[in-house]
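Student: Sending over a structure as structure tokens; questions will come in a sec.
The values are calculated or read from the model by the stated rules, or taken from the named source; none is laboratory data. Quick caveat, the model's predicted, so the values are computed rather than measured. Note: ideal-geometry Cβ built from the backbone for every residue, glycine included; neighbour counts use all protein chains shown. Quick note on the areas: whole protein, heavy atoms, side chains included, nothing else; ligands and nucleic acids left out. Shrake-Rupley method; radii C 1.70, N 1.55, O 1.52, S 1.80 Å.
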There are 2 protein chains.
Amino acid sequence: MKFEQLDMDLLQTVADIKGIPSGAVNIRRNGEAIFRHSSPNIIITTNPENKGLMVEVKAGTKGETVHVPVILTNSGFHDRVYNTFKIAEDAEVTIIAGCGIHNDSHSDSSHNGIHEIIVGPRAHVKYLEKHYGEGRGEGKRILNPTTVVRVEDGGSIEMEMVQIKGVDDTIRSTIAYVQEKGNLKVVERLLTHGQQKAESDIRVEIEGQGAAAQILSRSVAQDDSYQLFKAALVGKNECTGHVECDAILMDKAQIRSIPQLEAEDANAVLTHEAAIGKIAGEQLIKLMSLGLSEQEAIDTILEGFLR
Amino acid sequence: MKFEQLDMDLLQTVADIKGIPSGAVNIRRNGEAIFRHSSPNIIITTNPENKGLMVEVKAGTKGETVHVPVILTNSGFHDRVYNTFKIAEDAEVTIIAGCGIHNDSHSDSSHNGIHEIIVGPRAHVKYLEKHYGEGRGEGKRILNPTTVVRVEDGGSIEMEMVQIKGVDDTIRSTIAYVQEKGNLKVVERLLTHGQQKAESDIRVEIEGQGAAAQILSRSVAQDDSYQLFKAALVGKNECTGHVECDAILMDKAQIRSIPQLEAEDANAVLTHEAAIGKIAGEQLIKLMSLGLSEQEAIDTILEGFLR
């Protein structure tokens, strides 16, 4: 196993790491685990069923982190991986996933990650995932993550899923089931530019009594890019759910936003809000009056919006 | 032409009239025009193309009203009619439509009204439509209105579409096109109960610069009823659009709400808000502390919500 500068740059961008982090780690490059390390409470193995990653967090684990970044540097490589995360009861853990693609060629590179996350009773999980693409070639950088989340009684998960830039084509599918008194929060931040296409399809079934779910999406579409955002919240019990999507539209970009509320129980309280618009003129003028150029003012506003 | 008590009751419920109103009028009963009267500025004829109603409002008409209610009293009758409304430039008019079905039998009765409304340049239209069903039979009362609206430059229309009660099955389709500086407002109020099913599908294409559209929906679903609300707002120019849906869910009823924002121009500003929930407990308690029974308190809240 040898890391090159390119690997390290990608890893820093998608997983905020400057070297091998402490704790449990699995680094996948071009379809192979090039580094794997378990910790006493977090065991990483190869799942015999699907050859994918199996991450098991022991009951009662507190304040630990597991890093499972993926990088693709071979152009024209198509990677598919199944990752399973089992977080046992009362554990508290942070999962840092993320995928970076460097593609300098004319062939497309893609990563399809199929994640299953099981949040045990009263366990608390923070899940961070960043997607990023770079490279000078015309070959596309494609990322299609599929995530299935099961939150058991009293468990909670906060998922932050970010597409930084450089991803040409993405279909993000997320489906979650939330049991009694469980809590799920999904925060999605997306930037598309050039000719990029991004589709995000989130469905949350709130099954248990007293459960709650929130889906928050912030996105910026620039140039000729296209975004489709679908978020369905299904209330099957006495529960609360909220969907919020805010988008900034620029240049010739297009955005479609289709939230869906399905109340199947009279005690379900479901709400949503959305706004699509351009950068507020007053904000631009204010920043420019402080001495920023128009481009600097735009960059500052977008950065604030996507943080 | 002879009106019976049943006719008069239905006409009062759906069109707020106690006899033949003044101005232009067309009353359709069981598929036939039983009363027709044009006014100097509003001409009602039979459209030779589709045998339907043609209502033409002359340019510059001010403050006039046209009543075009439909009633069905023959059980098992299936009525289909094409209504065309042409409002010439600078006219201001109120259109009172509406359909009432009385069905005492085991056979279904239905009315399919296909309306086309052309709002000329700088014309202003108020369109009111109430739907109501009654009768003791097991035969369903079915109402499927299809409405196409074209708002020309600087024109405006405010549409209030109400389903009072007693309609077993409805699919309401509305499509509107709004040109430069045109304005469209759709207010929909819907009550479903028993085993009723209601689907409302509204699509507004905001095509002209400086145009605006609003879709406001308030609905109550009781008993085992089911509602599906779809509202798509498409911004194709510098324009503003807003969708708002509020629903009260009771008993074993179910509601699905699917708004859709499509921004195809970076200067389109589109927003939506929705909330599905039960009657607020504090409101109930407050009214009951003033001496109302629980049922009276519920009725008062629902009445306020749907007004």
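Student: Got a sec? Which residues in the range B:162-194 would a label at B:Gln12 touch, if it sits 7 Å along Cα→Cβ and we count backbone N under 14 Å?
Tutor: none
Student: Compute the accessible area of each residue in the range A:228-265 twice, once for its chain alone and once with every protein chain present, using a 1.4 Å probe on heavy atoms, and list those whose area falls by at least 30 Å².
Tutor: Residues losing area: A:Leu249, A:Gln254, A:Arg256, A:Ser257, A:Ile258, A:Pro259, A:Gln260, A:Leu261, A:Glu262, A:Ala263, A:Glu264.
Student: What net charge do the residues around B:Arg218 carry, taking every other residue with its C-beta under 13 Å from that of B:Arg218, with Lys and Arg at +1 and Asp and Glu at -1?
Tutor: -4
Student: Taking each label point as 7 Å beyond Cα in the direction of the beta carbon, state the distances from A:Thr45 to the same residue in the other copies, shortest first, in nm.
Tutor: Listed shortest first, these distances are 8.5 nm.
Student: Could you give the size of the charge dipole of the protein assembly as shown about its Cα centre, using +1 on the Cβ of each K and R and -1 on the Cβ of each D and E, expressed in debye and rounded to the nearest 20?
Tutor: Working: 64 positive and 90 negative charges, 60 e Å.
Dipole size: approximately 280 debye.
Student: Find every distance from the label point of B:Lys252 to the corresponding label point in the other copies (7 Å from Cα along Cα→Cβ) and write them in nm, one decimal, shortest first.
Tutor: B:Lys252 label point versus its equivalents elsewhere: 5.5 nm.
Student: Closest approach to the B-A rotation axis by any Cβ of B: residue and distance in angstrom?
Tutor: For the rotation taking chain B to chain A, the closest Cβ gives B:Glu273, 3.
Student: Here's something else I'd like to know. Taking a point 7 angstrom from the Cα of A:Ala280 along the C-beta vector, which residues in the range A:195-228 have backbone N less than 18 Å away?
Tutor: What the label zone holds, given the 18 Å backbone N cut-off, is A:218-220.
Student: On to the next question. Of the listed pairs B:Lys2/B:Lys126; B:Lys62/B:Lys185; B:Lys165/B:Lys252; A:Lys197/A:Lys252; A:Lys236/B:Lys252; A:Lys140/B:Lys236, which have alpha-carbon separations greater than 23 Å here?
Tutor: Details: B:Lys2/B:Lys126 30 Å; B:Lys62/B:Lys185 20 Å; B:Lys165/B:Lys252 18 Å; A:Lys197/A:Lys252 13 Å; A:Lys236/B:Lys252 11 Å; A:Lys140/B:Lys236 29 Å.
Beyond 23 Å between Cα atoms: B:Lys2/B:Lys126; A:Lys140/B:Lys236.
Student: For chains A and B, what's the summed buried accessible area, probe 1.4 Å, to the nearest 100 square angstrom?
Tutor: 2300 Å²
Student: Search the structure for amide H atoms under 5 Å from the amide H of B:Ser217, placed 1.01 Å from N in the peptide plane, and list their residues when 5 or more places away or on another chain.
Tutor: Hits under the 5 Å cutoff: B:Glu188, B:Glu244, B:Cys245, B:Asp246.
Student: Taking H placed 1.01 Å from N in the peptide plane, check which residues at least 5 places from A:Val68 or on another chain put their amide H under 5 Å from its amide H.
Tutor: Result for A:Val68 returns A:Asn26, A:Ile96, A:Ala97.
Student: Right, something else. Can you tell me the FRET efficiency between A:Asp104 and A:Leu228 if r is taken as the Cβ-Cβ distance and R0 is 41 Å, rounded to the nearest 0.05?
Tutor: Working: r = 29 Å, r/R0 = 0.70.
So the FRET efficiency works out to roughly 0.90.
Student: Output ³J(HN,Hα) for the range B:90-98: one whole-Hz value per residue in order, computed from phi by the Karplus curve 6.51 cos²θ - 1.76 cosθ + 1.60 with θ = phi - 60°, and x for Gly and Pro.
Tutor: 6, 7, 10, 8, 10, 9, 10, 9, x
Student: Checking buried surface per residue: for the range A:269-301, which residues lose a minimum of 50 Å² accessible area in the protein assembly relative to the chain alone (1.4 Å probe)?
Tutor: Flagged in the range A:269-301: A:His272, A:Ala274, A:Ile276, A:Lys278.
Student: Of all accessible surface on the protein assembly as shown at a 1.4 Å probe, what whole percent is carbon and sulfur?
Tutor: Details: 11940 of 25640 Å².
Summing carbon and sulfur atoms, their accessible area is 47 percent of the total for the protein assembly as shown.
Student: Sorted by average packing, counted as other Cβ atoms within 10 angstrom per residue and highest first, what order do A:152-159, B:62-69 take? List each step's numbers first, then the result.
Tutor: Numbers: A:152-159: 21.1, B:62-69: 19.4.
So the peptides A:152-159, B:62-69, ranked by packing, come out A:152-159, B:62-69.
Student: Now for a different question. Output wanted: per-residue J couplings in Hz (rounded whole) for the range A:112-121, from phi through Karplus 6.51 cos²θ - 1.76 cosθ + 1.60, θ = phi - 60°, x for Gly and Pro.
Tutor: So the Karplus estimates, Gly and Pro as x, are 10, x, 10, 10, 10, 10, 10, 9, x, x Hz.
Student: Could you pull the accessible area for A:Asp246 with a 1.4 Å probe, rounded to 10 Å²?
Tutor: The accessible area of A:Asp246 comes to roughly 40 Å².
Student: Here's a follow-up. Show that you can apply the helix-only estimate: for chain A, add -39,500 (n - 2.57) for every DSSP H stretch of four or more residues, divide by all residues, and state [θ] at 222 nm to the nearest 500. All intermediate terms of the calculation are to be shown ahead of the outcome.
Tutor: Values: 3 runs with 33 residues, N = 307.
Rounded to the nearest 500, it is -3500 deg cm²/dmol.
Student: Same structure, new question: Collect residues whose amide H, placed 1.01 Å from N in the peptide plane, falls under 5 Å from the amide H of B:Arg172; neighbours closer than 5 in sequence don't count.
Tutor: Those qualifying (amide H under 5 Å, at least 5 residues apart or on another chain) are B:Glu199, B:Ser200, B:Asp201.
Student: Please give the net charge around B:Gly135, taking every other residue with its beta carbon less than 13 angstrom from that of B:Gly135, where Lys and Arg add +1 and Asp and Glu add -1. Mind showing how you got there, number by number?
Tutor: Values: positive: B:Arg136, B:Lys140, B:Arg141, B:Lys165; negative: B:Asp9, B:Asp104, B:Asp108, B:Glu134, B:Glu138, B:Asp168.
Net local charge, B:Gly135 excluded: -2.
Student: Which net charge results for the neighbourhood of B:Met54, defined as the other residues with beta-carbon distances under 14 angstrom from its beta-carbon, given Lys and Arg at +1 and Asp and Glu at -1?
Tutor: Values: positive: B:Arg28, B:Arg36, B:Lys51, B:Lys58, B:Lys86; negative: B:Glu49, B:Glu56, B:Glu116.
Its environment carries a net charge of +2.
Student: Hey, can you find the accessible area per residue of the range A:5-279 for me, probe 1.4 Å, expressed in square angstrom? Don't skip to the end; give the middle numbers.
Tutor: Details: 10360 Å² over 275 residues.
Using a 1.4 Å probe on heavy atoms only, each residue of the range A:5-279 averages 38 Å².
Student: Measuring from label point to label point, each 7 Å out along Cα→Cβ, what is the A:Glu49 to A:Gln195 span in nm?
Tutor: 4.0 nm
Student: Sticking with this one: What order do A:His37, A:His78 take when sorted by accessible area (1.4 Å probe), most exposed first?
Tutor: A:His78, A:His37
Student: Another question, if that's okay. Does a label point 7 Å from the Cα of A:Glu160, set along Cα-to-beta-carbon, have any residues of the range A:178-206 with amide nitrogen under 14 Å, and which are they?
Tutor: Taking a point 7 Å out along Cα→Cβ of A:Glu160, the residues of the range A:178-206 whose backbone N falls under 14 Å are A:185-190.
Student: DSSP beta bridges in chain A, what fraction antiparallel, as a percent rounded to 5?
Tutor: On the way: 10 of 140 bridges.
The antiparallel proportion sits near 5 percent.
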